[in-house]
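Colleague: One structure, pasted below without further comment.
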Amino acid sequence: MRIGVLGAGQLGRMLALAGYPLAKEFVFYDMSGSPSAGLGEVIVDRDGSYLDDFLSRVDRVTYEFEHLPVEVAEKLAQHKPVHPCPRALQVCQNREAEKTLFGQLGIPMPEWKIADSAASLKAAAEALGCPVVAKSITEGYDGKGQAVLRDPEQAEEAWTAIGHPRVIVEKFVNFKREVSIIAVRGEDGDVAFYPIAENSHHEGILRYSIAPAPGLQPHIQQDAEKYIKALLNELNYVGVLTLELFETEDGLVANEMAPRVHNSGHWTIEGSMTSQFENHIRAVSGHALGNVQARGLSCMINIIGEHGDIERMLELPYAHLHLYNKGERPGRKLGHVNILADSYEELVWRVRNCAQFLPGSPEFKSSLTTKG
């Protein structure tokens, strides 16, 4: 089976690496002109001239990046199975549509309003009560297209900084920590849920993910599964879906969803019986889903900007290094390291020991390191 992947970045690379042992072949369709997958067949097409050529080379289509034209996915879906469905892509590209869907499905989320000018942004901030977070309705990832307003008077500055014609304004959530749940749904409707991961961000970019999240009450995992299952079934979704959440004193509050394999699920490569990447390939290919049970405790460390001392990291017996074959550049995701341990105490020590070889890596902070 030949699987077509819309996008040709590191997520597509890892999808292919997981799919090759299942005898899958891959064709990447890149619209950015800067593919980095580094394997498989890559079609670079800036203006859509080669879409029919791409279609003729594949049996099924998926995507590794949600910021691509929905009409491309819809056109492909007229001829070949496209998983996840174009509707999922459409919803995730528009924060207003996403929040509306959350509301319809009873998924808790922050209070929100729409603003289409600096004046209406100021009015929304006053109505919701600062602090608020303003985000572009479309586009934006890794903290881009966002601004925090601690006073309504900052509206003009925030509006200019975001630079979009419409923004969603959300009341700031007083959360204990950021978490995410990753689930996968097969063509037959079978659903499997990975353990919730605890995520630590720095400058809008994910830096660490711990799974299973430490100190998690059982009902929190159950609530997250209920929310993401509602999304999967409503969208008749096939493949891996990620739901980013805030854990608060009153339970979970949804932030946003991503219709793809996700950075906070990279720990699954070594840390789970079946990685998110293999399960996505299984799902979009029509196969049975794999076991999602954790193999102990894991922490994923993102490698950002500089590779660091690769040789020293390779010497660590508990570290699993994944490099994306990318050149160094500030803020760029170059790879990640998965650390495995048998206890959370051991995990903290190992993560800190590994992180010292990553220049510029922020201090490892989690619920494990801030207690007491």
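The values are calculated or read from the model by the stated rules, or taken from the named source; none is laboratory data. Please read all numbers here as calculations on a predicted model, not as lab measurements. With ideal geometry, Cβ positions are generated from the backbone for all residues, glycine too; neighbour counts draw on all protein chains shown. Only protein heavy atoms, including side chains, enter the accessible area calculation; ligands, DNA and RNA are left aside. Shrake-Rupley method; radii C 1.70, N 1.55, O 1.52, S 1.80 Å.
Colleague: Please specify each residue of the range 270-301 satisfying the condition of being closer than 21 Å to GLU66 by Cβ, open to solvent by 20 Å² or more (accessible area, probe 1.4 Å) and not charged (D, E, K, R).
Modeller: Here is the first cut: in the range 270-301, the residues closer than 21 Å to GLU66 by Cβ are 275-285, 300.
Those still in the list that are open to solvent by 20 Å² or more (accessible area, probe 1.4 Å) too: 278, 282.
Matches in the range 270-301: none.
Colleague: For THR100, which of the numbered conditions (1) β-branched (Val, Ile, Thr); (2) modelled with pLDDT of 95 or more; (3) touching a Gly at 6+ places or on another chain (Cβ under 8 Å) fails to hold?
Modeller: Going through (1) β-branched (Val, Ile, Thr); (2) modelled with pLDDT of 95 or more; (3) touching a Gly at 6+ places or on another chain (Cβ under 8 Å) one by one, THR100 breaks only (3).
Colleague: To continue, here is another question. Any residue at all in the range 138-149 that's closer than 23 Å to ALA283 by Cα and open to solvent by 60 Å² or more (accessible area, probe 1.4 Å)?
Modeller: Of the range 138-149, the ones closer than 23 Å to ALA283 by Cα are none.
No, every residue in the range 138-149 fails to be closer than 23 Å to ALA283 by Cα and open to solvent by 60 Å² or more (accessible area, probe 1.4 Å).
Colleague: Working carefully through the options GLU157, GLU203, GLU178, find the one that is out of contact with any Lys or Arg (no Cβ under 8 Å at 6 or more places or on another chain), under 30 Å from PRO86 (Cβ atoms), of a type outside the set (A, V, I, L, M) and open to solvent by 20 Å² or more (accessible area, probe 1.4 Å). Step through it out loud before you land on a result.
Modeller: Values: GLU157 fails: under 30 Å from PRO86 (Cβ atoms); GLU203 fails: under 30 Å from PRO86 (Cβ atoms).
Exactly one residue qualifies, and that residue is GLU178.
Colleague: Take the residues in the range 34-65 that are among the polar types (S, T, N, Q) and assigned to a loop (DSSP other than H, G, I, E, B); name whichever of them is nearest to GLY12 (Cα to Cα).
Modeller: First, the residues of the range 34-65 that are among the polar types (S, T, N, Q): 34, 36, 49, 56, 62.
Cutting the leftovers down to assigned to a loop (DSSP other than H, G, I, E, B) gives us 34, 36, 49.
On the way: SER34: 13, SER36: 9, SER49: 22 Å.
My answer is SER36.
Colleague: Here's another thing I want to ask about it. How many of the residues in the range 82-112 are touching a residue at least 24 places away in the same chain (Cβ under 8 Å), within 25 Å of ILE281 (Cα to Cα) and not in a helix (DSSP H, G or I)?
Modeller: 4
Colleague: Going through VAL292, VAL337 one at a time, which residue ends up being at pLDDT 95 or above, assigned to a loop (DSSP other than H, G, I, E, B) and within 20 Å of the chain's Cα centre (by Cα)? Spell out how you get there, then give the answer.
Modeller: Numbers: VAL337 fails: assigned to a loop (DSSP other than H, G, I, E, B).
Result: VAL292 is the single residue among VAL292, VAL337 that is at pLDDT 95 or above, assigned to a loop (DSSP other than H, G, I, E, B) and within 20 Å of the chain's Cα centre (by Cα).
Colleague: Could you list, in sequence order, the residues of the range 293-315 that are out of contact with any Asp or Glu (no Cβ under 6 Å at 6 or more places or on another chain) and more than 20 Å from ALA211 (Cα to Cα)?
Modeller: If the condition is that a residue be out of contact with any Asp or Glu (no Cβ under 6 Å at 6 or more places or on another chain) and more than 20 Å from ALA211 (Cα to Cα), then ILE304, GLY305, HIS307, GLY308, ASP309, ILE310, GLU311, ARG312, MET313, LEU314, GLU315 are the ones that fit.
Colleague: For the range 345-368, what are the residues that are aromatic (Phe, Trp, Tyr) and in contact with a Ser or Thr (Cβ under 8 Å, 6 or more places away or on another chain)?
Modeller: Residues of the range 345-368 aromatic (Phe, Trp, Tyr): 349, 357, 364.
Answer for the range 345-368, where residues must be aromatic (Phe, Trp, Tyr) and in contact with a Ser or Thr (Cβ under 8 Å, 6 or more places away or on another chain): just PHE364.
Colleague: Filter the range 213-244 for residues that are assigned to a strand (DSSP E or B) and crowded, with 21+ Cβ neighbours inside 10 Å; which is farthest from the chain's Cα centre (by Cα)?
Modeller: GLY239
Colleague: So ALA192 clears everything in (1) in contact with an Asp or Glu (Cβ under 9 Å, 6 or more places away or on another chain); (2) at negative phi; (3) open to solvent by less than 30 Å² (accessible area, probe 1.4 Å) except one condition, right? Which one?
Modeller: Here ALA192 clears every test but (1).
Colleague: Another question, if that's okay. What number of residues within the range 221-246 satisfy the criterion of being among the β-branched types (Val, Ile, Thr) and more than 14 Å from TYR194 (Cβ to Cβ)?
Modeller: Matching residues across the range 221-246 total 1.
Colleague: Just one of (1) out of contact with any helix residue (DSSP H, G or I) (no Cβ under 7 Å at 6 or more places or on another chain); (2) open to solvent by 40 Å² or more (accessible area, probe 1.4 Å); (3) in contact (Cβ under 8 Å) with a residue 24 or more places away in the chain; (4) not hydrophobic (A, V, I, L, M, F, W, C) trips up GLY129, so point out which.
Modeller: (2)
Colleague: So VAL261 fits all but one of (1) open to solvent by 10 Å² or more (accessible area, probe 1.4 Å); (2) β-branched (Val, Ile, Thr); (3) modelled with pLDDT of 95 or more; (4) assigned to a loop (DSSP other than H, G, I, E, B); what number is the exception?
Modeller: (1)
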